[in-house]
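Working notes, structure below.
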Amino acid sequence: MNRNKSAKTTRRLALCIVLTLALIVNGSFVTGAYAEQYAASIGTQNYQTLDQALNAVKDGETICLLGDLVTGSQTEPGIINKPGIEFNLDLGGKTISGNSQTGVLQLKSGKVNLYNGQIINTNSGTPALAVFGESSKFIFPTGYATPGTDASQWNIPAGYHINFNNDGNGTVHYGSPTGPLVPTETGSLFAGGNIPHHFYFVPNTGYLVGSLVVNGASVPVDNQYTVLNLTKDQTVRVGFKIITFAITPHAFTGDAPADQGAVISPRSAIVPYGGNQTFGISVQPGYKLTNVVVDGVSKGPITTITLTDVTKAANITIQLEKTAFFIMLDAGHYEYYNHSPVVATYYEGNAMWILHKYVKQELEKYPGIIVDTTRPDNSGAIGSALGPYERGAMGKGYDLVLSLHSNACSSGAPNYVVGICTLNPKLTTVSKGLALKLVSTVSNVMGISQLPRIYTKAQSDGRDWYGVNRGASDVGVPSVILEHSFHTNIQSALWLLKDANLQALAVAEAKTIATYYGVSKSGIVLAPKTPTSFDAYGSAYNQAKVVWTMSSGASGYQVYRATASGGPYTKVKTTSLLSFTNTDLTCGKVYYYKVRAYRTTDTGNKYSNFTAVNPARPIPAKPGVNVYASIGKAQLKWTAVKGAQGYIVYRRAGTTGTQIRVKTIAASDVFQWTNKGLTTGKTYTYQVRGYRVVSGKTILGKLSTPDIVKIK
Ligand SMILES: [Zn+2]
């Protein structure tokens, strides 16, 4: 018996056992009437006589005896002739006996597995089980010696019980997940010995297998369990548990990091299968709820999200828009930090704490500005625990980080204001732009004659040396460290000690910031600045990419396009991102783009001026090319270019020779070519480009990066 056969045989065997037990357990099996009517069954099919079942049985199937049986008559001759097959005969706890003339079962051909019952011979002349064919065989359960064929009576062992328990939230099946149901809380009988019995656990909808305990010991949870060598009764306990889903809605505001601007309650929830869940959204000042998207479906600006009959982890996106300008204000160091060596009562940490409170107060007089601070009090415990980098990174999601300081040096002479800007190329324009305005303002208010300075400093990896700037830069926010001159200078240290001076500074600094970002004190949000840098170029055969720099205070950007530089221009995209890929364009045609920033206000959008116009011409992108040198030839391979209808190969001698076209391949699906007849030891440079024919005109794609080879 091969392994497959073994498994198959066992499955069929158990099917019979299980069905029988199930019928008895369910009470639908009326023993007397049923047994009189049918002699045997195969699966759910019943047969009047065993002989009929023997005729019907196929390889691997199980005949189950439904009542005691006497063979040797015309209807039950007791002759088995099933060439080339092996099947099971489950005696179902019943008895087969022969009549007085014959034996019980005569096996002419095939193999029969016998189980679970008794065979009684009533004829002393003929063996109870007679085997004729060479490969015919009666097979008894593993672990039991095959009795001699002349015995007059055999009790054929049944096997062992496996008692399945479960909590009712799923079912146990034999042989396959759709195989016969194994009753639970009832010890079902299975053939003993080294025959694998495979059981499958099928959870009810909304459940999964949660625990598996075999003979009192936990085993790894699985959807199946196999008994390999059944030599004693067993107990298998299957625990099903309800499936749950962890659901965490997220709020997004344009490009800003997630989960600012709205308090979501609960923050997250574990929802059982089929359960309901409600989330509440409380929109924070300075934000506007624009939409809620649940699993890709827009629900509008709802503040209560109700999920019912949850059957999967819902993906909830809360879309917000900023309606204000957000500043993270940092008072620099903490109380009694940086004592002035020239003015005994001056501490940088004390003066800047007072100043930052005034600055916050003044900034908040602009209804379009929202200010938060990096720490709640000026104690050294909080101040020293919170490093400069952390304070800068607290600006995550804000529009600006401003850190207030007074400077120090070994000499008392320096007396000038310094604005320390970020080096981050994406943020430096705004940082520097604002710093220039602020140092000028502070210098004027403080009445300092030494010229203010703008300063940057890099650490070895090129990032900002100053922690506040590095932290802010890492969260994508422009920052300025503002040094209110030097507290090592008597004049400035004394000036900064006066409360009225600090108040005047705060008014001027707030005004400078508001003006720079275009926020008016009457609550009117002014237009954002025009993006300072803007570019457009063909990025594929039918695409153009448009990129621009951030405009501080912008809610988003509008991209306009025309087919002539003078227009007319039409709006092709509104986005909060800093780039846009325009698709479905015509290859080789020139398009003209311009961009403007806008701010959303309660009274409609405020727009910046348009950028200058930039043309873009969609052409096939450049392929990736590899050239391999071999003896007297160069083999080129390149990557497919979208939209290319063919490829052109160029070559130059050495790296500076005149470039010549050496091959045109007019096929979109050929990505290699071998240049033969080359001189050994010579160097060549190759480039490849795709092309596309549009209205009879060949549009050349971008040339690949040159690849140099030396011929072998
Ligand atoms: Zn400082």
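The values are calculated or read from the model by the stated rules, or taken from the named source; none is laboratory data. These figures come from a predicted structure and were not determined experimentally. A quick note on method: Cβ atoms are made from the backbone with ideal geometry, for glycine too, and the neighbour counts reach across all protein chains shown.
Show the residue pairs that are 6+ apart or on different chains and have beta-carbon atoms under 7 Å apart, the first residue being within the range 474-487 and in contact (Cβ under 8 Å) with a residue 60 or more places away in the chain, the second being among the acidic types (D, E) and within 16 Å of the ligand (Cβ to nearest atom).
Pairs found: H487/E348.
Of the residues A666, A616, A629, which is farther than 30 Å from Y569 by Cβ and crowded, with 16+ Cβ neighbours inside 10 Å?
A629 is the lone residue from the list that is farther than 30 Å from Y569 by Cβ and crowded, with 16+ Cβ neighbours inside 10 Å.
Can you go through T575, T549 and tell me which one is touching a helix residue (DSSP H, G or I) at 6+ places or on another chain (Cβ under 7 Å), more than 16 Å from the ligand (Cβ to nearest atom) and not assigned by TED's automatic domain parsing to the domain that holds I370?
The unique qualifying residue is T549.
Being surrounded by fewer than 19 Cβ atoms within 10 Å (Cβ to Cβ), basic (K, R) and more than 16 Å from the ligand (Cβ to nearest atom) is the requirement here; does K322 meet it?
no
Scan the range 647-657 for residues that are surrounded by fewer than 18 Cβ atoms within 10 Å (Cβ to Cβ) and at pLDDT 95 or above and jot them down.
Within the range 647-657, just Y650 meets the criteria.
Criterion first (farther than 15 Å from L496 by Cβ and surrounded by 23 or more Cβ atoms within 10 Å (Cβ to Cβ)) does I420 satisfy it?
Criteria met by I420.
Residues K697, K663, K642: which one is among the charged types (D, E, K, R), in contact with a strand residue (DSSP E or B) (Cβ under 7 Å, 6 or more places away or on another chain) and in contact (Cβ under 8 Å) with a residue 60 or more places away in the chain?
K642 is the lone residue from the list that is among the charged types (D, E, K, R), in contact with a strand residue (DSSP E or B) (Cβ under 7 Å, 6 or more places away or on another chain) and in contact (Cβ under 8 Å) with a residue 60 or more places away in the chain.
If we only count strands (runs of 3 or more DSSP E) wholly inside the range 588-649, which ones have 2 or more residues that are hydroxyl-bearing (S, T, Y)?
It comes to 591-601, 625-630.
Please go through the range 332-366 and pick out each residue that is more than 16 Å from the ligand (Cβ to nearest atom), among the aromatic types (F, W, Y) and closer than 19 Å to I481 by Cβ.
Y358
Just one of A331, A314 is crowded, with 17+ Cβ neighbours inside 10 Å and more than 30 Å from Y366 (Cβ to Cβ); which is it?
A314
Among the residues of the range 102-116, count how many are in a strand (DSSP E or B) and at positive phi.
Residues meeting the conditions: 1.
Can you find a residue that is in a loop (DSSP other than H, G, I, E, B) and at negative phi anywhere in the range 496-513?
Yes, the conditions are met somewhere in the range 496-513.
Yes or no: V343 of a type in the set (V, I, T) and assigned by TED's automatic domain parsing to the domain that holds V442?
Yes, satisfied.
Residues I369, I420: which one is in contact (Cβ under 8 Å) with a residue 60 or more places away in the chain, in contact with a strand residue (DSSP E or B) (Cβ under 6 Å, 6 or more places away or on another chain) and away from the ligand (no atom under 15 Å from the Cβ)?
Going through I369, I420 in turn, the sole match is I369.
Show the residue pairs meeting these rules: Cβ distance below 6 Å; 6+ apart or different chains; first residue within the range 394-409 and on the phi > 0 side of the Ramachandran plot; second residue more than 12 Å from the ligand (Cβ to nearest atom) and not hydrophobic (A, V, I, L, M, F, W, C).
If the second residue must be more than 12 Å from the ligand (Cβ to nearest atom) and not hydrophobic (A, V, I, L, M, F, W, C), the pairs left are G397/P257; G397/Q260.
What are the residues in the range 473-505 that are out of contact with any Leu (no Cβ under 9 Å at 6 or more places or on another chain), among the polar types (S, T, N, Q) and either within 16 Å of the ligand (Cβ to nearest atom) or modelled with pLDDT under 95 (or both), if any?
T488, N489, S492
For residues that are touching a helix residue (DSSP H, G or I) at 6+ places or on another chain (Cβ under 7 Å) and of a type in the set (A, V, I, L, M, F, W, C), tally how many sit in the range 298-347.
Total meeting the criteria: 6.
Which numbered condition trips up S449, out of (1) part of a loop (DSSP other than H, G, I, E, B); (2) touching a Phe, Trp or Tyr at 6+ places or on another chain (Cβ under 8 Å)?
(2)
Is at least one residue of the range 545-565 surrounded by fewer than 21 Cβ atoms within 10 Å (Cβ to Cβ) and in contact with an Asp or Glu (Cβ under 6 Å, 6 or more places away or on another chain)?
Within the range 545-565, one or more residues are surrounded by fewer than 21 Cβ atoms within 10 Å (Cβ to Cβ) and in contact with an Asp or Glu (Cβ under 6 Å, 6 or more places away or on another chain).
Surrounded by 14 or more Cβ atoms within 10 Å (Cβ to Cβ) and in contact (Cβ under 8 Å) with a residue 40 or more places away in the chain, is that true of G677?
Spelling it out, it is not the case that G677 is surrounded by 14 or more Cβ atoms within 10 Å (Cβ to Cβ) and in contact (Cβ under 8 Å) with a residue 40 or more places away in the chain.
Check E321 against each of (1) in a strand (DSSP E or B); (2) over 30 Å from K365 (Cβ atoms) and name the one condition it does not meet.
Of the numbered conditions (1) in a strand (DSSP E or B); (2) over 30 Å from K365 (Cβ atoms), the odd one out for E321 is (2).
Somewhere in the range 120-142, is a residue crowded, with 23+ Cβ neighbours inside 10 Å, in contact with a Phe, Trp or Tyr (Cβ under 9 Å, 6 or more places away or on another chain) and small (G, A, S)?
Yes, the range 120-142 contains at least one residue that is crowded, with 23+ Cβ neighbours inside 10 Å, in contact with a Phe, Trp or Tyr (Cβ under 9 Å, 6 or more places away or on another chain) and small (G, A, S).
Could you run through the range 288-298 and say how many residues are under 13 Å from P249 (Cβ atoms) and surrounded by 13 or more Cβ atoms within 10 Å (Cβ to Cβ)?
Qualifying residue count for the region: 5.
From the set of residues in the range 456-478 that are hydroxyl-bearing (S, T, Y) and surrounded by 15 or more Cβ atoms within 10 Å (Cβ to Cβ), which is farthest from the chain's Cα centre (by Cα)?
Among them, the one singled out is T456.
On the basis of being within 20 Å of F325 (Cβ to Cβ) and in a strand (DSSP E or B), does V468 make the cut?
In short, no.
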